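Take a look at the structure set out below.
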Amino acid sequence: MILKHHLVLTLCAVYGILLKVTAQKSTLRGSSGQHPLVQNQTVTEGGTANMTCRVEYNDQTSLQWSNPAQQTLFFGDKKALRDNRIELVRASWSELTISISEITLADEGMYTCSLFTMPVKTAKAYLTVLGVPEMPEIDGLTKPALEGDEITLTCMTHGSKPAADLRWFRNEKEIKGAKEVNASGKTFTVTSSLQLLVDRDDDGAAYTCKVDHVALLQTPQQATEVLEVHYAPRVAITNSLTFPQEGQYLKLECVSKGNPSPDPVMWTKDGGELPDVERMIVEGRELTFTTLNKTDNGTYRCEASNHLGTSSAEYLLYVYDVPSTLPPSTTPPPRPTPPDTTVPLDPHLASSDPPNTNNRDPNAMGQHGPDHALIGGVVAVVVFVTLCLIIVLGRYLARHKGTYLTNEAKGADDAPDADTAIINAEGNTHAEEKKEYFI
């Protein structure tokens, strides 16, 4: 009996231990599964935020949502705060979801989901509200601006959160401006400035300020202003003929550009009025000559002006004579084909008829005239040899002096004729010797 009693007590103790272990495991499992799960939310101002709290294992314990001011919004499916913007989406033992519509910046903050166990378990989710920037405005534009002015365009936008980014464009080409950010409560005021030195090329240019912000992914905001610039005119003259001739039709156009438009323009010739208004017709900016002649030669001046200044251009007209013959062709003559000087390899071809020499290039020097270099060389050699001979002969005669005798018939001057003079000379045996020297 005693043994049976001890056996029963032992079995009861083991069973109690098993029950205790099982209870502890159940308690740990329920404790780990009964923890609320939430997520942070980001909503654009004016939008709707859905706040969800979930529990994996819930033993029918209530869930509750509270706002940043610790005011209860919903306890289970029971609404606790009178706010028409807050509504219940889903309520169960494992989930509590509410929605807040028409979100404002004041709704931003930390929201708390509470699970009423022992002790109470909580989870926090941060609601971020994006401030939508207002439509930008461009200031500092004076209409009209004058060429050479310095102006500053300023673009400003309010209410952005976080701070927006402003970008400048000139005719769709981005240009850089100076950015400035100022905080105003929870939002920011962003300003961007653009300094311009106004030029006539800016007339009609579109300057656009565009707002870049995370809350404006689908609806970008921008402002555009078109710049109007007033400037003095510039003038140039174009003509319809390059070489005007007598009897031709000629048109001169005065191309003037200015703002305001410089209308009308004034034409003069050589500082005075147009002499022949019947042949020189002025229509708007054009001066037309119906029939040119030599009296039209001169300097023609076109002048245009507006309230900012005056500009002019001149054109010197010279009327050419009508050519009596056709002008020479500008097409170059065909080049002659050079003769084929290749020696044939075939002996039968070598014994054939000699090539035609009439196909020589007429422009080749060696084919139609003597070689001037060769002729010049021969002439130079002949002249040189001649000079050398003259020098040698002169030196020889200077060193070797010769003598010779000459007989003169005495009394020849008194003889009546030649025969008598000879006879008288033969009879004179004592003729005197005369010497002549060559120096």
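Mind listing the long-range amide H neighbours of Asp199? Cut-off is under 5 Å, sequence gap 5 or more, other chains count too, H placed in the peptide plane at 1.01 Å from N.
Gly148
Give me the accessible area of Leu166, 1.4 Å probe, in Å² rounded to the nearest 10.
Accessible area of Leu166: about 20 Å².
Which net charge results when you count Lys and Arg as +1 and Asp and Glu as -1 among the other residues whose beta-carbon is under 12 Å from that of Thr97? Working shown, then result.
On the way: positive: Arg54, Arg90; negative: Asp77, Glu87, Glu95.
Spelling it out: positives minus negatives among the neighbours equals -1.
Classify segment 146-253 from the C-alpha gyration tensor, please: rounded if a/c falls under 1.5, else prolate or oblate depending on whether a/b exceeds b/c. Write down the numbers at each step before the final one.
Details: a/c = 5.86, a/b = 3.24, b/c = 1.81.
Taking the square roots of the gyration eigenvalues as a ≥ b ≥ c, segment 146-253 is prolate.
List, in order, the whole-Hz ³J(HN,Hα) value for each residue of segment 243-257 obtained from phi through the Karplus relation with A = 6.51, B = -1.76, C = 1.60 and θ = phi - 60°; use x for Gly and Pro.
Along segment 243-257, the couplings run 10, x, 10, 4, x, 8, 9, 10, 10, 10, 10, 8, 8, 10, 10 Hz.
How many percent of the accessible area of segment 24-149 is carbon or sulfur, using a 1.4 Å probe?
Values: 3460 of 7220 Å².
Carbon with sulfur: 48 percent of the solvent-accessible area.
Within 10 Å, count the other beta carbons around each residue, average over each peptide in 303-316, 273-286, and list them highest first. Write out the running numbers ahead of the final one.
Numbers: 303-316: 15.9, 273-286: 12.9.
Order by mean packing, descending: 303-316, 273-286.
DSSP loop (so not H, G, I, E, B), at most 10 other Cβ within 10 Å: list which trypsin sites (Lys or Arg not before Pro) in segment 45-91 pass both filters. Let's see the in-between values first.
Details: sites: Arg54, Lys78, Lys79, Arg82, Arg85, Arg90; in loops: Arg82, Arg85.
Hits after loop and neighbour filter: Arg82.
Taking θ = phi - 60°, what integer Hz values does the Karplus form 6.51 cos²θ - 1.76 cosθ + 1.60 yield along segment 386-398, in sequence order, with x for Gly and Pro?
Once rounded to whole Hz, the list reads 4, 4, 4, 5, 4, 5, 5, 5, x, 5, 5, 5, 5.
Residues with amide H under 5 Å of Gln245's amide H, sequence separation 5 or more or different chain, H placed in the peptide plane at 1.01 Å from N; which?
Result for Gln245 returns Tyr320.
At a 1.4 Å probe radius, which order do Tyr300, Tyr320 fall into by accessible area, largest first? The partial results should precede the final answer.
Values: Tyr300 0, Tyr320 95 Å².
Solvent-accessible surface, decreasing: Tyr320, Tyr300.
For Ser62, what accessible area in Å² do you get when you roll a 1.4 Å probe over the heavy atoms of the protein chains, rounding to the nearest 10?
40
Can you give the local net charge around Trp168? Use residues other than it whose beta-carbon is closer than 15 angstrom to its beta-carbon, Lys and Arg +1, Asp and Glu -1. Walk me through the intermediate numbers first.
Values: positive: Arg167, Arg170, Lys173, Lys176, Lys179, Lys210; negative: Glu137, Asp139, Asp165, Glu172, Glu174, Glu180, Asp202, Asp212, Glu225.
Net charge around Trp168: -3.
The values are calculated or read from the model by the stated rules, or taken from the named source; none is laboratory data. Predicted, not measured: the structure shown is a model, and the values here were computed from it. All Cβ positions, even for glycine, are placed from backbone atoms using ideal geometry, and neighbour counts span all protein chains on display. Protein only, heavy atoms only, side chains kept; ligands, DNA and RNA dropped before computing areas. Shrake-Rupley method; radii C 1.70, N 1.55, O 1.52, S 1.80 Å.
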